[in-house]
Amino acid sequence: MPVISAPHAFNEGSLFIDLEAIFGCRLFLKCEGFNFAGSIKLKAANEMVESAERDGTLKPDSILVESSSGNLGVALSMIAASKGYRFLCVTDSRCNLSTRLLMEALGSQVHIVADLDSNGGFLGTRIEYVRELCASDDRYVWLSQYTNAGNWRAHYRTTAPEIAAHFPRLDVLFIGTGTAGTLMGCARYFREWKRPVRIVAVDSVGSVAFGGEPGRRMIPGLGMSMRPPLLDESLVDEVIRVEEADTIRTCHRMARRGFLFGGSTGTVVSAATDWLARHGSRDVTAVAIAPDLGERYLDTIYQTNWLQDLYGDQLLDSGELNTGCWDENSTSRAPGRRRRS
């Protein structure tokens, strides 16, 4: 499976992109958006559904229900449609419109909660609605991506071995943190691997996944308004928190070079380029995981009015788009603004 350099990566079969031409550092991006569900969540969805079928939890008349900010909902919509199950996705107002429409096109129902939880997010409200629904009718089956071991096991079995096979001398892996399924699956795999790999978890500023004060988060995908039950911090070497403004700048910088990625990818790449700027990248084999592509974010992070209303007119000044491992006009390092733990 070839690694494609960024200016020549227009190959539908490529799974890894070399970002050095864009950011000036050796960073390989594992692109997970080239499946029918459009995101890495298809792996976890498939593992959780098949496990529930094996243990008899899912029956022919079952109704799948899950809390999701979007991508898992799409993956479950696709699987439910193919297997003949009904599916109800419980989401909130931050879920991209295109994602909601996609779930409905696949035959799923979508319920949007409006009330914030005690941490200023919607997750607690979504989960409470799911619990009430399950208590009202035993046909509802909640897979619970937040506590289901199938979530991390999917990446232990697939994502991590795929990276290891392609990069046998991997040094550092950057992984975004939402439910922590991808993070934990990959971290467990590489703790057992033949050589040490530094695991860097990436979170959004305002998320409380790793502690800290809750804050406003408008981009779905990464971050949690509670500590992820699947998270084992002993398997994580470092945590980097990224401001949403830096996420957006990174997404737009990649888009201006022909690569349209989602908000989660922008967050992870932003953290990775900052880390490599501080540690050097010439002798480091670094990989970041891109959970999805950018088409579902056209009405948010790629929409001018949405950006201006939330972040102001100066967010995408040309000078702000030139930060990265190395400034394009000099040989000096130009790290972006991040918060590190």
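The values are calculated or read from the model by the stated rules, or taken from the named source; none is laboratory data. Owing to the predicted nature of the structure, the values given are computational and were not obtained by experimental measurement. Please note: Cβ atoms are built from the backbone with ideal geometry, for glycine as well, and neighbour counts cover all protein chains shown. Just so you know, the surface numbers come from the protein's heavy atoms only, side chains and all, with ligands and any DNA or RNA stripped out. Shrake-Rupley method; radii C 1.70, N 1.55, O 1.52, S 1.80 Å.
Table for the structure above
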read-out: Linear extension gain, Arg131 paired with Leu101, 0.36 nm per residue minus alpha-carbon span; value: 8.4 nm
read-out: Calculated from backbone phi, Karplus (6.51, -1.76, 1.60) coupling profile of the stretch 72-88 in Hz, x at Gly/Pro; value: 5, x, 5, 4, 5, 4, 5, 5, 4, 4, 6, 9, x, 8, 7, 9, 10
read-out: FRET efficiency estimate (nearest 0.05) - Cβ-Cβ, Arg256 to His111, R0 35 angstrom; value: 0.40
read-out: The chain, dipole about Cα centre (Lys/Arg Cβ +1, Asp/Glu Cβ -1), debye to the nearest 20; value: 780 debye
read-out: Beta bridges by DSSP in the chain, antiparallel share as percent, to the nearest 5; value: 20 percent
read-out: Cα shape, the stretch 112-175, gyration tensor, a/c 1.5 rule; value: oblate
read-out: Simple label model, 7 Å out from Cα along Cβ direction - Phe34 to Asp309, nm; value: 3.5 nm
read-out: Cys251 accessible area, 1.4 Å probe, all protein chains in place, Å² to nearest 10; value: 0 Å²
read-out: Cα gyration tensor shape for the stretch 76-193, rounded if a/c is under 1.5, else prolate or oblate; value: prolate
read-out: Placed amide H near Gly206: partners under 5 Å, 5+ positions off or other chain; value: Gly215
read-out: Glu20-Ala165 FRET efficiency (beta carbon distance; Förster radius 30 Å; 0.05 resolution); value: 0.90
read-out: Rounded to whole Hz, the Karplus (6.51, -1.76, 1.60) HN-Hα couplings of the stretch 238-253, x for glycine and proline; value: 7, 10, 10, 9, 10, 5, 4, 4, 5, 4, 5, 4, 5, 4, 6, 5
